[in-house]
Amino acid sequence: MERRREGVADKSPLLKRAEELVALIVAHEGGQTLGGTLEIHSDTEDLLSRSRVPREQLNYAVPEVLELKQRLAKYCVENEGSSPGNVVAGVLDAFLRVSGYPPLPKESEKSA
């Protein structure tokens, strides 16, 4: 099977949106601001700006052929143990919010 060249026109709307969100989050982490209509939710932005927040593993089945675990491990080794966890969290959070699944309100927000 011939490998298809991936041009912008060939990408799904979800993939395009994910790429835009990744660029936005990476720029944000570097202290830059990108123009455009995409925004990180203020609660998510606050969490992503902190270096020490409680974390948990996200266990979700993904296609093996993407070799995500191996590629992430290589990335972390080549980038001095850093992890793209904030990028994953930001993109997934934005996707879930846009799809109508925001986080549940905190107890302090329920009584206000």
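Values in this text are rule-based calculations from the coordinates and carry no lab data. Values in this document were obtained by computation on a predicted structure and should not be read as measured data. When we count neighbours, we look across all protein chains shown, and the Cβ atoms used for this are built from the backbone with ideal geometry, even at glycine.
Judged by the mean number of other Cβ atoms found within 10 Å, the most tightly packed of the peptides 86-93, 50-57, 98-105 leads the ranking 86-93, 98-105, 50-57. If you take the square roots of the eigenvalues of the alpha-carbon gyration tensor of region 39-102 and sort them as a ≥ b ≥ c, do you get rounded (a/c under 1.5), prolate (a/b over b/c) or oblate? The shape class here is oblate.
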